[in-house]
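Reading through the structure tokens given below for one structure.
The values are calculated or read from the model by the stated rules, or taken from the named source; none is laboratory data. Just so you know, these numbers come straight off a predicted model, no measurement behind them. Reconstructed Cβ throughout: ideal geometry from the backbone, glycine too, with neighbour counts over all protein chains shown. Areas reflect the complete protein model, heavy atoms only, side chains present, ligands, DNA and RNA absent. Shrake-Rupley method; radii C 1.70, N 1.55, O 1.52, S 1.80 Å.
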Amino acid sequence: GAAARQGILIKDAEALEVAHKVTMVAFDKTGTLTEGKPELVELLALEPGDGARRALLAWSAAIQSGSEHPLAKAVTVLALKEQRGVPAASEVRAVAGRGMSARVDGRELRLGSPRFMQELGADLSAFAPRSEELEAGGRTVSWLADVTGPPQLLGLLAFGDTLKASAKPAVARLHALGIKTALLTGDNRGSADAVAKQLAIDIVHFQVLPEDKAAIVGQLKEK
């Protein structure tokens, strides 16, 4: 009861008994160390002109209109703010650890991580320098591609999130207790390293697929 009042959920008595033996704490990033309320801070369409930018935003919002993911909400909020509405999407599907796919305006669209784009065969070189700058600055970068025919990059979306005020003192307190820390995230290396550097986290694993996180925890336990 005392723990519950402090927002601590104890799974079972054994978890409480072995807690004093903990030597490492592994954190997720978005919504755990960060506020989990990202904003869309940059939108770059491959084709020049405001029309291409509007289309990039509309299509990205359409794909994610039914998603509860924080990045999806950031896109739909901006789309509804700047435009009267977004087109309807069909055949919407989440691709675990990679992104989303859907049909919008007769196009087969894919939105997601660099890993997803590489697997599709989309060429990201047009925005490679800028994406590296954004990631180095701690931004999360997503890409939109049209795969109706040969994969064609349409644009880049960059998101920014803020650290929770409680994150730094929490990690510092763990270190003071002699407990090491690790960060496990599906995000890019730049964004992961930026958060880890600010918090002095010991070990960083980036671009981790959801199904691989348990395996990494297992490896940490073995050590």
Restricting the range 203-216 to residues that are within 21 Å of Ala136 (Cβ to Cβ) and more than 11 Å from the chain's Cα centre (by Cα), the residue that is surrounded by the most Cβ atoms within 10 Å (Cβ to Cβ): His205
Take the residues in the range 66-120 that are assigned to a helix (DSSP H, G or I) and charged (D, E, K, R), then tell me which one is most open to solvent (accessible area, probe 1.4 Å). Lys81
For residues that are within 20 Å of the chain's Cα centre (by Cα) and crowded, with 18+ Cβ neighbours inside 10 Å, scanning just the range 161-180, find the one that is farthest from Ser125 (Cα to Cα). Ala167
Do the conditions hold for Asp202, that is, is it modelled with pLDDT of 90 or more and out of contact with any Asp or Glu (no Cβ under 8 Å at 6 or more places or on another chain)? yes
Identify all residues within the range 80-109 that are under 16 Å from the mean Cα position of the chain (by Cα) and under 13 Å from Ser60 (Cα atoms); write none if there are none. Gly99, Met100
I'd like the full set of residues that are at pLDDT 95 or above, of a type in the set (A, V, I, L, M) and touching a helix residue (DSSP H, G or I) at 6+ places or on another chain (Cβ under 9 Å), limited to the range 158-178. Ala167, Ala170, Val171, Ala172
Output the number of residues of the range 20-34 satisfying the condition of being in contact with a strand residue (DSSP E or B) (Cβ under 9 Å, 6 or more places away or on another chain), open to solvent by less than 80 Å² (accessible area, probe 1.4 Å) and assigned to a loop (DSSP other than H, G, I, E, B). 4
Could you please give the count of residues in the range 93-118 that are among the aliphatic types (A, V, I, L, M), at pLDDT 90 or above and in contact with a helix residue (DSSP H, G or I) (Cβ under 9 Å, 6 or more places away or on another chain)? 5
Residue that is open to solvent by 40 Å² or more (accessible area, probe 1.4 Å), of a type in the set (A, V, I, L, M, F, W, C), under 23 Å from the mean Cα position of the chain (by Cα) and within 30 Å of Ala145 (Cα to Cα), where the choices are Leu40, Leu57, Leu44: Leu44
